[in-house]
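A quick write-up on the structure given underneath.
What follows is calculated from the coordinates using simple rules that are stated; it is not laboratory data. All figures in this text were calculated on a predicted structure; none of them were measured in a lab. Cβ coordinates were reconstructed from backbone atoms using ideal geometry, including for glycine residues, and neighbour counts include every protein chain displayed.
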Amino acid sequence: MVELRLEELSAKNIVAANTLTLKPGQEQFVAPVSHSIAEAYVNPSTSWPRVVLDGDEVVGFIMGNFDPDAEEEVFRSCIWRMNVSAEAQGRGIGKFAVQALAEEARLRGFKRITVIWDSGEEGPQEFFLHVGFTIVGETQYGENIGSLEL
């Protein structure tokens, strides 16, 4: 690992972000980056799409939403999407991305960030609990709602 850094999603890195590959079985737990790109385009005032670089290589993607006026509290300061390439998993990249999003939330005056995930053998629950989220509820579809106090 060289030095991890975030970069705003741009024409320069969008193809690399969109072609990140996950470990087998993980695809069912996260929408493709292309969906996030579309959402960022539709909601430019609240979305926060970033790629994680290790040197010059795109190794991850995270998209947050910061909308203090969102009707549902869970969407006011949250992780919408997060992907770390299969080859880069286990190297602290996801933790780095979550910490960066948490810092952005702090700078914007939020006191917590949330994330929603499905349970499953290859799912992200273990990761989110490991980086400090606690399960605080469930959606009407049975997904976990996690919260990380800042």
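Can you list the strands (runs of 3 or more DSSP E) found entirely within the range 11-94 that contain at least 1 residues being out of contact with any strand residue (DSSP E or B) (no Cβ under 8 Å at 6 or more places or on another chain)?
Working: elements: 47-54, 57-66, 77-84.
Passing ranges, in order: 57-66.
Okay, residues lined up against (1) loosely packed, with under 13 Cβ neighbours inside 10 Å; (2) touching a helix residue (DSSP H, G or I) at 6+ places or on another chain (Cβ under 9 Å):
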| site | (1), (2) |
| --- | --- |
| S77 | no, yes |
| E104 | no, no |
| R112 | no, yes |
| G120 | yes, yes |
| F127 | no, yes |
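Search the range 79-92 for residues that are without any contact (Cβ under 8 Å) to a residue 40 or more places away in the chain and crowded, with 23+ Cβ neighbours inside 10 Å and pair each with any residue that is part of a strand (DSSP E or B) and polar (S, T, N, Q) when their beta-carbon atoms are under 9 Å apart and the residues are at least 6 apart or on different chains.
Listed by first residue and then by second, the contacts come to I79/N65; I79/T114.
Looking at E72, E138, E121, which is the one that is among the acidic types (D, E), out of contact with any Phe, Trp or Tyr (no Cβ under 6 Å at 6 or more places or on another chain), in contact (Cβ under 8 Å) with a residue 60 or more places away in the chain and more than 21 Å from L6 (Cβ to Cβ)?
Values: E72 fails: in contact (Cβ under 8 Å) with a residue 60 or more places away in the chain; E138 fails: in contact (Cβ under 8 Å) with a residue 60 or more places away in the chain.
One residue alone meets the criteria, E121.
Just the residues that are in contact with a helix residue (DSSP H, G or I) (Cβ under 6 Å, 6 or more places away or on another chain) and under 22 Å from S47 (Cβ atoms), please, taken from the range 21-31. I'd like the intermediate steps shown before the answer.
First, the residues of the range 21-31 that are in contact with a helix residue (DSSP H, G or I) (Cβ under 6 Å, 6 or more places away or on another chain): 21-23.
Of everything in the range 21-31, just one residue is in contact with a helix residue (DSSP H, G or I) (Cβ under 6 Å, 6 or more places away or on another chain) and under 22 Å from S47 (Cβ atoms), namely L22.
Answer yes or no as to whether D67 is under 24 Å from N144 (Cα atoms) and of a type outside the set (K, R).
On the way: under 24 Å from N144 (Cα atoms): yes; of a type outside the set (K, R): yes.
Answer is yes for this residue.
Could you go through the range 106-118 and let me know if any residue there is part of a loop (DSSP other than H, G, I, E, B) and within 16 Å of the chain's Cα centre (by Cα).
The answer is yes, given that some residue of the range 106-118 is part of a loop (DSSP other than H, G, I, E, B) and within 16 Å of the chain's Cα centre (by Cα).
Mind telling me which of the residues K95, K12 ends up being basic (K, R) and within 21 Å of E122 (Cα to Cα)? Steps first, answer last, please.
Values: K12 fails: within 21 Å of E122 (Cα to Cα).
Exactly one residue qualifies, and that residue is K95.
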